[in-house]
Protein chains: 2
Amino acid sequence: MKGAPANARHPLWRRVATDWQLARLDRPDAEPSEWVAATVPGAVQLDWARARGLPEIGFGQNVRAYDGLEDSHWLYRTRVPEARRARGERLVFACEGVDYACEVRLAGRSVLRHKGLFSGFEVDVSDCPAGTELDILVFPAPKRPGAADDRTQADHVCKPAVSYGWDWHPRLIPLGLWAGAAFVVRPEAHLRHVDFAYALSADFTRADITVTAEATGAAQPTWRLLDADSRPVLESASARATLSHPRLWWTHDHGEPALYTLEVTLAEGDVFRSKVGFKRVRLVMAEDGWALPQGFPTSRSHPPITVELNGRVIFAKGSNWVSADLFPARVTPEVLRPLLRLAKEANFNLLRCWGGAIVNPESFFDQCDELGLLVWQEFPLACNNYPDDPGYLRVLDQESRSIIRRVRQHPCLALWCGGNELFNSWSGMTDQSLALRLLNRNCYDLDPGTPFLPTAPVEGMGHGDYRFRDDKGREVFEIFQRARNTAYSEFGCPGPAPADCLRAFIPESELWPPREGTSWQTHHAFRAWDADVQSHLYVRNQEHYFGPVRDLETLAAQGSWLQAAGYQAIFEEARRQKPHCSMALNWCFNEAWPTAAGNALVHWPARPNAGYLAAQAACRPVLASARISKFQWSEGETFTAEIWLLNDSPAEIPSGEVEVTLSAGVAAERLLQWAYPAVAAGRNLQGPSVQAVLPKAGCGSFELLLRAGPGGSWSSAYRLSLRQDPPPGAACA
Amino acid sequence: MKGAPANARHPLWRRVATDWQLARLDRPDAEPSEWVAATVPGAVQLDWARARGLPEIGFGQNVRAYDGLEDSHWLYRTRVPEARRARGERLVFACEGVDYACEVRLAGRSVLRHKGLFSGFEVDVSDCPAGTELDILVFPAPKRPGAADDRTQADHVCKPAVSYGWDWHPRLIPLGLWAGAAFVVRPEAHLRHVDFAYALSADFTRADITVTAEATGAAQPTWRLLDADSRPVLESASARATLSHPRLWWTHDHGEPALYTLEVTLAEGDVFRSKVGFKRVRLVMAEDGWALPQGFPTSRSHPPITVELNGRVIFAKGSNWVSADLFPARVTPEVLRPLLRLAKEANFNLLRCWGGAIVNPESFFDQCDELGLLVWQEFPLACNNYPDDPGYLRVLDQESRSIIRRVRQHPCLALWCGGNELFNSWSGMTDQSLALRLLNRNCYDLDPGTPFLPTAPVEGMGHGDYRFRDDKGREVFEIFQRARNTAYSEFGCPGPAPADCLRAFIPESELWPPREGTSWQTHHAFRAWDADVQSHLYVRNQEHYFGPVRDLETLAAQGSWLQAAGYQAIFEEARRQKPHCSMALNWCFNEAWPTAAGNALVHWPARPNAGYLAAQAACRPVLASARISKFQWSEGETFTAEIWLLNDSPAEIPSGEVEVTLSAGVAAERLLQWAYPAVAAGRNLQGPSVQAVLPKAGCGSFELLLRAGPGGSWSSAYRLSLRQDPPPGAACA
């Protein structure tokens, strides 16, 4: 007998490992002809690839070797283990979710059917002899009949739509036992779902706590709360108790993400432990939110999107989080750790977990709790018209309840959202869609204290652009300076992967020049969205500024420059629009596999790029910032910029100076010394404008440098293109 | 013993009448010093006025004589009657709701407390000796401490806000037993709430019916459905059954409002009867609804507001329904009948029951069922910021569940709406407000097949203007021709009451000229809203067009002209904007008491005005229509108009002709003979424009006449102002 804690939250439960086998079936009732070794949690594709020696999925066009696996039935088999049990202990098979639908058989007899990744099931096998076969028949990937081979095939299921193919994700639909699925020994009387709820007093000095433990057995559980030093601060034998002066959970940029440990004990022997925290998040109207609309006929004011944390309005800075791997089972704590650390180090305080992807495993939320990162959590609906169909609504009800009950325990949870871009033409859902009314209902019933959005964007919020320069030649500089959104919850600036990354997954023969129909396209450099052949590499855009691209290194360097300049411009412009705007989340943070070009800040698996560094600088709590109208300038042209001081921090900035310098090649000119007054906490200050005639430097670029802050820590630099006109010369080093 | 059917739906239950007395108390525990006779249903103010000889409330400034009554405690008293009962029958005191909070005492002992107009309670008094005192202590009108003497006092209760004072409703807060409250004899085993639910097949040829009867007693109820000729068409002993080819319920302008009778029988003796009907209403996107927004950053498309009835898109025409009396108890079937007949005869197909008022009694919905009028039903929230407070939410939950369960039985129900203008600055609620999330939840749980709006307006919809001509001199002609709303769910054109009406409630001494601080102001002719001294009489507007107003008859005649011209312009313009726009509901239909000036189409109690006639003509299913840019023209000026044919009917219009004539004084000129092609069902056709130099007629007005349709039934006439310039002459007859 092997035994290990089954679960960090249930330290007394013991997992009993067993071996798993997997067979691919033509039909659900086919006799398995060949077994391969299976890893659980995992995916049928991973097991099959290992057994059959399929090539590494991330390289070249290998992903296509996995085609077809999604359409088979797959039979998992294990056997009830020998398990030494104390008196009264039970042996159960506990599964936390299946991707996507399955039938469970015990000794060949069907015992249950299940659909859904995010809710689990159990089978008590205490009375089964060791060695009894436990089979899980996984059904083929669900596909709506008649739908094209794209996300619309998933428009009636709670399976993440992204795996049906997206502009940054290949068509690869994982199947199988993706989450925990194992035999567990536990006391007959034990603690199941423990719900930690609280109401903070208006002045945050009191937390009225309710601990509801679903327990089998007669005894009432008792519970206590331990502080960060493991000292008990509260003990109670009843469900309710009050904690005075709770330490509040803050995002890392506004305070400490204070956590406590909740420990629930059942007299009959079981114990449950979990980190908990205290915070209040609301979505409130921006300061000017009620001013519009004016005049008759008058409509409504835009809905609130300004995040208020523990009574303080904060500017939400962050990114869109997507599946960190093609296979959800591979999204382990170890995979998440460097990514989430990068998110925090980017000065981000909020991650939008996008509805096209999975709802992340517990470790994601645990780490966000610890790091002080807020999480905007969407349900698994994205860019589809999910129907008012009772069968779909039944599974959505089950899955959403399970998700809410689990995630609401985490202090990092900022808001619920129905899903991605559901109220846009390409989806076609509306406020009347029953799926969204159901989600609103379930969130209200199970977590009324957390804000709920039916989708993003709602009115006032903006998504896009996803290009540095659009079809009409408008750059993100102009686009965002003209925009007046309450939140920029998606915007992207594409760039190519670093050259050494590209060499690692694009075969040598295809590497130069980038061409359609090669691994470049498989990895999203061409025709990634809306059949725009340029997306996401946009070589033509680079050539518009810099002339013909000669080699891979130049491609990567120029692309990175544009991506970084674009992200810097957008993040800072969104902040300059505070308080009307209160949120900037770029599309997207991470990747599910190596892309050749795209909008992510971090290349798969966890390598930050130039866009990341730009976002990181633009999201510092305090910085000097320049509003610049465009990227490319000409020698002899008069350059102008507005100088600002941006303060998202909870502290007043004392008066000081910003020094503005423009340098091109060897020339450097001090344009301004701005002596600014004290700036209140959470406030921006618009300063003077600077002008300068751009020198004939002949080096292709110039830099505006704003020196400010203690030790220069609020300084900002803007590297822009400087054109010799006519004729364009060679770029200097 | 007196006995009568207690309720049309429960023909076997017998009401036993008793006498009621009422006492006014200084304190809740005071001994009553004086009893007056009380009428139940009624209001404490009505009983008190009768006993004390208070003057008629609608005349002059008499309403102020009722001040202060709202702040007393009121004790109702009756006695348990002698009631002959068959074996097993019970005697209960049944109350359908209380305005607003009460304590019930039996023989001096408190037996329950209740809050709310829209949910009831019962006390079984079968075992009480006849003569036992039953007291109902009604508490003073709820007022939030610290709030001003206006609607904000009601921002934490489910009591209609209108009675706290509105621009067309005096401050008069009714209290007491406003709904049914009587002793009832009924079988011990009896039918309580009966729920009739159905799902129509996509092709409307099948209704899968579920009848859920809450019954005391062991026997299973049986039920049958009778058609309009009382022939049984379906009988069932189980909850579910299917009706083939149900006759659908349509609005009167699109078909027949077909009704069936549901009869539920309990073997032990009780029976329940109710009219039911079959229809499907959805809110769908307008044809062009997905086209916007375009470009990045992109927000969402406006929410759907186009009414689709039984699969057919219809243009919703109608009005806002308000309390038909200051005292809800006086809103009887007899009061409603002429009003609702007028609504139907106005060619309206939808009434918005505004959230500031009561939710109407059953007879309102019964009559709408029969007349083929759709009902947009709001919950009792209006223009306030109703809090996330648990106490308020508890009552709202109770009241809304009761309202939904009752009203959803009516085929006339078109949609639920949280309340009026809650997402505007003067209210301050948002999508995150728990009250609205709770209402969404309850509507989803109890009536998912009916659309739900959190409030009106939502995005795209417009409210206002409420003036013929605004501060900047823009007229409704210009305002609405420039507007691009998806629905005009409120707009008003004010006018004075007819002269003989004014004479009936304004004392002779105050009649002329209208002045602030007199009965004119009490009846809303001055300072009715936003402290605009002109509202709602707008004498200055009349004088802008017509010069000084000399007498009451001229005031009324000119005011009516403007009101009619304005309503004609707005209703027709909204229809010309179809299909982008799909709804036009003016503010408002009726009145709660006589107003001296206002936007209503029907003066209290049931007298249609010139605005009514204009709306009636503008809402005909088919008409010829002219888009005209302004109201006042000058002699010698070139007049222009666009000619249209508007078809909201479900039938194609065959080709035909529109003859356009302009007449002024004795001169008449035929401007156009437009031969139009066939026009598809539900479609408009834009025709040619006409031009004409306006003659020097010297008569102050001219008329554009469009002759069209069988027997001229689609003809329209536009009477406009014609100015002699210079100098203005006397108007001709």
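The values are calculated or read from the model by the stated rules, or taken from the named source; none is laboratory data. Note that this is a predicted model, so its numbers are computed, not measured. Counting neighbours? That spans all protein chains shown, and the Cβs are built from the backbone with ideal geometry, glycine included.
Observations on the structure shown:
- Scanning the stretch B:412-428 for residues that are more than 10 Å from chain A (Cβ to nearest Cβ) and among the aliphatic types (A, V, I, L, M) gives B:Leu413, B:Ala414.
- There is at least one residue in the stretch B:69-80 that is more than 34 Å from the chain's Cα centre (by Cα), at pLDDT 95 or above, more than 26 Å from B:Arg503 (Cβ to Cβ) and not in a strand (DSSP E or B).
- Criterion violated by B:Leu243 - all others in (1) closer than 30 Å to B:Leu340 by Cβ; (2) surrounded by fewer than 17 Cβ atoms within 10 Å (Cβ to Cβ) satisfied: (2)
- Test: residue in the stretch A:488-505 that is in a strand (DSSP E or B), charged (D, E, K, R), crowded, with 24+ Cβ neighbours inside 10 Å and at the interface with chain B (Cβ under 9 Å from one of its Cβ atoms): yes
- Given (1) out of contact with any Phe, Trp or Tyr (no Cβ under 9 Å at 6 or more places or on another chain); (2) part of a helix (DSSP H, G or I), index of the condition A:Arg484 fails: (2)
Yes/no per residue for (1) more than 14 Å from every other protein chain (Cβ to nearest Cβ); (2) within 24 Å of the chain's Cα centre (by Cα):
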{"position": "B:Glu287", "(1), (2)": "no, no"}
{"position": "B:Ala291", "(1), (2)": "no, no"}
{"position": "B:Gln294", "(1), (2)": "no, no"}
{"position": "B:Ser299", "(1), (2)": "no, no"}
{"position": "B:Thr306", "(1), (2)": "no, yes"}
{"position": "B:Lys317", "(1), (2)": "yes, yes"}
{"position": "B:Pro328", "(1), (2)": "yes, yes"}
{"position": "B:Val331", "(1), (2)": "yes, yes"}
{"position": "B:Arg341", "(1), (2)": "yes, yes"}
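- When B:Gly165 is tested against the conditions (1) buried (at least 21 other Cβ atoms within 10 Å of the Cβ); (2) at positive phi, the lone failure is (1).
- B:Ser425 being of a type in the set (S, T, N, Q), surrounded by fewer than 18 Cβ atoms within 10 Å (Cβ to Cβ) and modelled with pLDDT of 95 or more: yes
- Hits in the stretch B:434-463 - residues which are surrounded by fewer than 22 Cβ atoms within 10 Å (Cβ to Cβ), in a loop (DSSP other than H, G, I, E, B) and either more than 8 Å from chain A (Cβ to nearest Cβ) or among the β-branched types (Val, Ile, Thr) (or both): B:Asp447, B:Gly449, B:Thr450
- Highlighted here are the strands (runs of 3 or more DSSP E) found entirely within the stretch B:293-373 that include at least 2 residues which are crowded, with 24+ Cβ neighbours inside 10 Å: B:316-321, B:350-353.
- Residue within the stretch B:588-608 that is farther than 25 Å from B:Tyr164 by Cβ and aliphatic (A, V, I, L, M) present: yes
- On the stretch given as the stretch A:129-150, residues that are hydrophobic (A, V, I, L, M, F, W, C) and either under 26 Å from A:Thr595 (Cα atoms) or free of Cβ contacts under 8 Å to residues at least 12 places away in the same chain (or both) total 3.
- Options A:Leu706, A:Leu722, A:Leu671: the member that is buried (at least 19 other Cβ atoms within 10 Å of the Cβ) and in contact with an Asp or Glu (Cβ under 7 Å, 6 or more places away or on another chain): A:Leu722
- Answer residue from the stretch B:684-703, given it is in a loop (DSSP other than H, G, I, E, B) and buried (at least 18 other Cβ atoms within 10 Å of the Cβ) and is nearest to the chain's Cα centre (by Cα) among those: B:Asn684
- The set of residues from the stretch B:265-274 being buried (at least 21 other Cβ atoms within 10 Å of the Cβ) and modelled with pLDDT of 95 or more comprises just one member, B:Phe272.
- Number of residues in the stretch B:674-683 that are surrounded by fewer than 19 Cβ atoms within 10 Å (Cβ to Cβ) and outside any strand (DSSP E or B): the value is 5.
- For the stretch A:471-482, filtered to residues that are free of Cβ contacts under 8 Å to residues at least 40 places away in the same chain and within 25 Å of B:His302 (Cα to Cα), the residue that is farthest from the other protein chains (Cβ to nearest Cβ) is A:Arg482.
- The single condition from (1) in contact (Cβ under 8 Å) with a residue 40 or more places away in the chain; (2) surrounded by 14 or more Cβ atoms within 10 Å (Cβ to Cβ); (3) not in a strand (DSSP E or B) that A:Gln153 fails is (1).
- The stretch A:567-601, subset touching a helix residue (DSSP H, G or I) at 6+ places or on another chain (Cβ under 6 Å) and among the hydrophobic types (A, V, I, L, M, F, W, C), residue surrounded by the fewest Cβ atoms within 10 Å (Cβ to Cβ): A:Ala596
- All conditions but one from (1) over 25 Å from B:Arg151 (Cα atoms); (2) under 28 Å from the mean Cα position of the chain (by Cα) apply to B:Glu543; the one that does not is (2).
- Scoring A:Arg282 on the criteria (1) more than 14 Å from every other protein chain (Cβ to nearest Cβ); (2) under 27 Å from the mean Cα position of the chain (by Cα) leaves a single failure, condition (1).
- A:Ala202 satisfies every condition listed in (1) hydrophobic (A, V, I, L, M, F, W, C); (2) in contact (Cβ under 8 Å) with a residue 24 or more places away in the chain; (3) part of a loop (DSSP other than H, G, I, E, B) except (2).
- Near pairs, Cβ below 7 angstrom, 6+ apart or cross-chain, from the stretch B:213-229 (over 11 Å from B:Arg192 (Cα atoms) and at pLDDT below 90) to any residue that is exposed (fewer than 15 other Cβ atoms within 10 Å of the Cβ) and of a type in the set (A, V, I, L, M): B:Ala219/B:Ala267; B:Gln220/B:Ala237
- Residues of the stretch B:561-603 classified as assigned to a loop (DSSP other than H, G, I, E, B) and either within 19 Å of B:Ser535 (Cα to Cα) or touching a Leu at 6+ places or on another chain (Cβ under 7 Å) (or both), total: 13
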